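One structure, pasted below without further comment.
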Amino acid sequence: MGGRLLFLCHRIPFPPEKGEKIRAWHMLEHLARDWAIDLGCLVDDRADFDHVPALKQVCASVEARWTGTRLQAASRALMQVRPGRPLSLGWFRDPGLRAWTAEHLAGGRHDAVFVYSSAMAPYVMGAQRPGLRRVLDMVDVDSEKWRAYATSARPPMRQVWAREARTLLAFERKAAADFERTLFVSAAEAEHFSALAPECAGKVDHVDNGVELSRFDPDVPRENPYPAGRRALVFTGTMDYRPNVEAVSWFAREVMPLIADADFHIVGANPSPAVRALAQLRGVHVTGTVPDVRPYLAYADVAVAPLRIARGIQNKVLEAMAMARPVVASPEAFEGVRAMAGRDVLVAQGAFETAQRVREVLDGAHPKLGAAGRLAVLSGHDWRATLQRLDLAMDPTPDRLSLRERVVA
């Protein structure tokens, strides 16, 4: 296996400091061992152009296109909205990248195409030709996220999010039918999509998220970032992402009043105004961007993941487990993790139960929880093992067997 690969990504896949970039980078780096890669990607932060030279060390060529500001991207999406068309497709549409992609495909030099996220699928849909293997990594069933947003929103946004959920699911089904193989981040997510799109079930499978275990090593000495004398609860993530904002807001306002002798540290870039306002509450600290999240995990008494809207596998949960820290997660945040609830992770729902589980950890009721979590990640979420399924998905051998059957064989 190997040859020339066209790799498209909706955001520049470096540096790997947040969920979508972590998965994209590890897939890119892994495929670059066997393939000569032409990378086309979009950039929504001008500072990220500084990372293009690093990507050129891995890829044969790199085409990085500026998407504009969020306001410009939103305006573009609104300008391109059509009946039945999801808004998110317009957000990531770039004529320059489309022309670059078309030129590469017209040359006939590529043996395979790998597309990261459904938003990039239109760039290569309909580009079938003999010998060209096209694999789409949807990661999550993104339409389900918008459906969840609609459930909790008020008009008119309830109608906007409901429309996006409906039109995006229709597009996801169309894209999965067009590609030779479509991947998701977990078996549960793949099975969920197969139930929504039964006509595509035979072309759908998964590649689990992993952790760079040498990087998230609890035995490496680090400096304690927390004030002395207080126990620390930590949440990590990009803090302008709506599910993260809702999770920390709920935890700070509903759970923290039930926990008297610990501080809650919200660690992550771009805290929204709603997140920054939480720092006014007793015992709540908002760090903003930090140079390295690992010390905050290493010295935390408990890592919490109280997400109520979540798809796929949460890297924040895997990373905390890899650092051998006790994790208390919502059922939504735990879904897809290859671990045992109660032994490797504590799963809790609602403010009282969440506070109770955190309290149990602080009181020493689960002394083996952190070590068990680390072992679970070692056995189930090592990138070196999970990415073997990516190699099988890229294999141009005719799909006489499903990917799952070939792994078993």
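Looking for something more than 21 Å from the chain's Cα centre (by Cα), small (Gly, Ala, Ser) and under 21 Å from Glu29 (Cβ atoms) - is there at least one such residue anywhere in segment 105-125?
Among the residues of segment 105-125, at least one is more than 21 Å from the chain's Cα centre (by Cα), small (Gly, Ala, Ser) and under 21 Å from Glu29 (Cβ atoms), which makes the answer yes.
Got a number for residues in segment 270-281 being modelled with pLDDT of 95 or more and outside any helix (DSSP H, G or I)?
From segment 270-281, those modelled with pLDDT of 95 or more are 271-281; that's our starting set.
Filter once more, keeping what is outside any helix (DSSP H, G or I): 271-272, 281.
So the count comes out to 3.
Return the residues of segment 223-241 that are of a type in the set (D, E, K, R) and surrounded by 15 or more Cβ atoms within 10 Å (Cβ to Cβ); say none if nothing qualifies. Before the answer, list the steps.
First, the residues of segment 223-241 that are of a type in the set (D, E, K, R): 223, 230-231, 240.
Of everything in segment 223-241, those that are of a type in the set (D, E, K, R) and surrounded by 15 or more Cβ atoms within 10 Å (Cβ to Cβ) turn out to be Arg231, Asp240.
I need the full set of residues from segment 106-144 which are of a type in the set (D, E, K, R), within 18 Å of Gly84 (Cα to Cα) and out of contact with any Asp or Glu (no Cβ under 8 Å at 6 or more places or on another chain), in order please.
Glu144
In segment 227-244, which residues are under 17 Å from Thr289 (Cβ atoms) and either assigned to a loop (DSSP other than H, G, I, E, B) or in contact with a strand residue (DSSP E or B) (Cβ under 6 Å, 6 or more places away or on another chain) (or both)? Break it down stepwise before answering.
Initial filter on segment 227-244 (under 17 Å from Thr289 (Cβ atoms)): 234-241, 244.
Val234, Phe235, Thr236, Gly237, Thr238, Met239, Asp240, Tyr241, listed by residue number.
Of the residues Val286, Val255, which single one is more than 30 Å from Gly380 (Cα to Cα), touching a residue at least 40 places away in the same chain (Cβ under 8 Å) and either assigned to a strand (DSSP E or B) or assigned by TED's automatic domain parsing to the domain that holds Trp146 (or both)?
Unique residue meeting the criteria: Val286.
A further question on this structure: Can you list the helices (runs of 4 or more DSSP H) lying wholly within segment 1-118 that have 1 or more residues being within 29 Å of His381 (Cα to Cα)?
Where helices (runs of 4 or more DSSP H) fall fully within segment 1-118 and carry at least 1 residues being within 29 Å of His381 (Cα to Cα), they are 19-31, 52-56.
If you don't mind, another one. So, restricting to helices (runs of 4 or more DSSP H) that lie completely within segment 289-367, which ones have at least 1 residues that are of a type in the set (Val, Ile, Thr)?
Helices (runs of 4 or more DSSP H) meeting the threshold: 315-322, 351-362.
Something else about it: Could you list, in sequence order, all residues of segment 242-262 that are over 24 Å from the mean Cα position of the chain (by Cα) and either of a type outside the set (Gly, Ala, Ser) or crowded, with 17+ Cβ neighbours inside 10 Å (or both)?
If the condition is that a residue be over 24 Å from the mean Cα position of the chain (by Cα) and either of a type outside the set (Gly, Ala, Ser) or crowded, with 17+ Cβ neighbours inside 10 Å (or both), then Arg253, Glu254, Val255, Met256, Pro257, Leu258, Ile259, Asp261, Ala262 are the ones that fit.
For the list (1) surrounded by fewer than 21 Cβ atoms within 10 Å (Cβ to Cβ); (2) in contact with a Gly (Cβ under 9 Å, 6 or more places away or on another chain); (3) among the charged types (D, E, K, R); (4) under 27 Å from Gly373 (Cβ atoms), I need the number of the one condition that Asp178 fails.
(4)
Right, another one. Between Arg23, Arg33, Arg4, which is touching a residue at least 60 places away in the same chain (Cβ under 8 Å) and closer than 21 Å to Pro396 by Cα?
On inspection, the qualifying residue turns out to be Arg4.
Moving on to the next point. Could you tell me which numbered condition Glu191 fails, if it satisfies all but one of (1) surrounded by 16 or more Cβ atoms within 10 Å (Cβ to Cβ); (2) outside the structural domain of Arg325 (by TED's automatic domain parsing); (3) within 22 Å of the chain's Cα centre (by Cα); (4) under 28 Å from Ser88 (Cβ atoms)?
(1)
Taking Gln128 as meeting all but one of (1) surrounded by fewer than 22 Cβ atoms within 10 Å (Cβ to Cβ); (2) under 18 Å from Lys21 (Cβ atoms); (3) polar (S, T, N, Q), write down the number of the exception.
Evaluating Gln128 over (1) surrounded by fewer than 22 Cβ atoms within 10 Å (Cβ to Cβ); (2) under 18 Å from Lys21 (Cβ atoms); (3) polar (S, T, N, Q) leaves (2) as the failure.
Please state which one of Ser118, Ser75, Ser88, Ser61 is under 15 Å from Ile12 (Cβ atoms) and of a type in the set (S, T, N, Q).
Ser61
Matching residues to (1) within 27 Å of Leu183 (Cα to Cα); (2) without any contact (Cβ under 8 Å) to a residue 60 or more places away in the chain; (3) surrounded by 24 or more Cβ atoms within 10 Å (Cβ to Cβ):
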{"position": "Asn315", "(1), (2), (3)": "yes, no, no"}
{"position": "Pro326", "(1), (2), (3)": "no, yes, yes"}
{"position": "Ala329", "(1), (2), (3)": "yes, yes, yes"}
{"position": "Glu332", "(1), (2), (3)": "yes, yes, no"}
{"position": "Arg343", "(1), (2), (3)": "no, yes, no"}
{"position": "Ala351", "(1), (2), (3)": "no, no, no"}
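Quick one: which residue in Glu63, Glu17 is in contact with a helix residue (DSSP H, G or I) (Cβ under 9 Å, 6 or more places away or on another chain), of a type in the set (Asp, Glu) and farther than 27 Å from Arg147 by Cβ?
Going through Glu63, Glu17 in turn, the sole match is Glu63.
The values are calculated or read from the model by the stated rules, or taken from the named source; none is laboratory data. Values in this document were obtained by computation on a predicted structure and should not be read as measured data. Ideal geometry is used to build each Cβ from the backbone, glycine not excepted, and the neighbour counts take in all protein chains shown.
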